[in-house]
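Scroll down for the structure; my scribbles are underneath it.
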Amino acid sequence: MNDAAGTALLLKPEDVPPVREYNAAGRSPFLLTCDHYGRLIPRILGDLGLPEGELARHIAWDIGIAGVAEALSKHLDAHLIVQRYSRLVIDCNRPPHVASSIPRISEATTISGNEGISREAAALRRAEIFDPYHRRIDEIIDQRGSAGMPTVLVSLHSFTPVYAGIARPWHIGTLYHRDAHLPPLLLKLLRAEGDLVVGDNEPYAVSDETDYTIPVHGEARGLVNTGIEIRQDLIAEESGQRRFAELLARIFREIEATLFAEAKD
Ligand SMILES: [Zn+2]
C-alpha cells in the first residue's frame, strides 16, 4: 500500500520484498509453497517487543523448512515460492479475518508489538506482505494453467517438537482436508520407509479457519494438493534438511509417476 507520494508505508527501501521465488522455470508438476519460510520484521516495526531469543523460536517461523524447501525445489526441478517475513507480523497461512492472523499471543508469549494494533496498521501488513504473496501464487497457478502445465500444490511447514509442554512423537505428517487422492499416496510411501513416525493429519489437520494456502489455492482451484509438516529438531541442521529433501524428492518422483500414469488410463 502506498501513500500519496507513492512510497510504501510499511516496507521501506531498506526492507526486502516479501516474496521470493526459486527455480521459476522449473518443469515439475509440483508447485512448492512456504508460508513460514522467513522471520524478518519490517524495520519500522522494530522487534515487535520481543527479545531475539523469542524471535528465533518456532513462534516466529518454521525452523529448518527453508533449507528443505530450497533443496527439494532443486531435486525436483520445481518452482518454489516463499514468504520472508515472520508470521508474527502477519501469518500467511491464516485467513486475514481470524484473530491468529496477527497474533497478540503465540503459545505462551505475548507479542506486545501486536497489542492494540489499529485496523489501518493491520490492513497495511495485509496489503504489503500477505496479499503480494498470495497474488503471486495465484498468478503462477494461472500461468501454468495457460501453458498447459499441470500443478500439484505442496505446502511445506515444520512443527515444534514440544508444544505447550506436550512432546509430539511424529517425525513427519501429511496435512489435508478435501483432497482424498494425494495424501493417502504420500502416507503410504512415507510409512513404507519403515523408520519414520508418520502423522496422518498430525500434528494438526487443515481447516478453512486455521489455514489459507491449501483451502484457497489448492482446494478452491481444484488442484491436487497436500501439506507436509516436518519436526523441527530433525531439520535444524543442514544434514537433516538434506536428508528430508532427498527423501521427499524420491517419494514425490514416485507419486508423480503414479498420478500421471492414472491420468493416462
Ligand atoms: Zn508453517
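The values are calculated or read from the model by the stated rules, or taken from the named source; none is laboratory data. Keep in mind that what you see is a predicted model, and the values were worked out from it rather than measured. Cβ atoms come from the backbone with ideal geometry, glycine included; neighbour counts cover every protein chain shown. Ligands, DNA and RNA are excluded from the accessible area calculation, which covers all protein heavy atoms including side chains. Shrake-Rupley method; radii C 1.70, N 1.55, O 1.52, S 1.80 Å.
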How much accessible area per residue does the chain have, in Å², with a 1.4 Å probe? 44 Å²
By the C-alpha gyration tensor axes a ≥ b ≥ c (rounded if a/c is under 1.5, else prolate when a/b exceeds b/c, else oblate), the shape of region 153-265 is oblate
Give me the log10 of I(q) over I(0) for region 25-168 at q = 0.14, 0.15 Å⁻¹, as the Debye formula computes it from C-alpha points; what are the numbers? -0.71, -0.80
Highest GNM mean-square fluctuation, the chain, Cα pairs closer than 10 Å: which of Ile230, Ile81, Ile117? Ile117
About the Cα centre, charge dipole magnitude for region 156-255 (Lys/Arg +1, Asp/Glu -1 at Cβ), debye: 240 debye
Rounded percent of accessible protein surface that carbon and sulfur make up, the chain, 1.4 Å probe: 53 percent
For a quick check of your reading of the filter: which chymotrypsin sites (Phe, Trp or Tyr not before Pro) in region 150-201 sit in a DSSP loop and have no more than 12 other Cβ atoms within 10 Å? none
So, counting K/R as plus one and D/E as minus one, what does the shell of residues with Cβ under 9 Å around His177 add up to? -3
Taking N as the residue count of the chain, its alpha carbon Rg divided by 2.2 N^0.38 Å gives 1.00
Listed highest first by mean packing, meaning other Cβ atoms within 10 Å per residue, what order do 210-222, 181-193 come in? 210-222, 181-193
Amide H to amide H, which residues 5 or more places from Ile105 or on other chains are under 5 Å from it, using H placed in the peptide plane? Ile111
Farthest toward the dipole's positive end in region 1-101, which of Leu31, Ser100, Gly46, given Cβ charges of +1 (Lys, Arg) and -1 (Asp, Glu) about the Cα centre? Leu31
First check a/c for region 165-225, with a ≥ b ≥ c the square roots of the eigenvalues of its C-alpha gyration tensor; if it is under 1.5, answer rounded, and if not, answer prolate when a/b is larger than b/c or oblate otherwise. oblate
Per residue of region 239-252, in order, report the coupling 6.51 cos²θ - 1.76 cosθ + 1.60 (Karplus, θ = phi - 60°) as ³J(HN,Hα) in whole Hz, putting x for Gly and Pro. 5, x, 4, 5, 4, 6, 5, 5, 4, 5, 4, 4, 5, 5
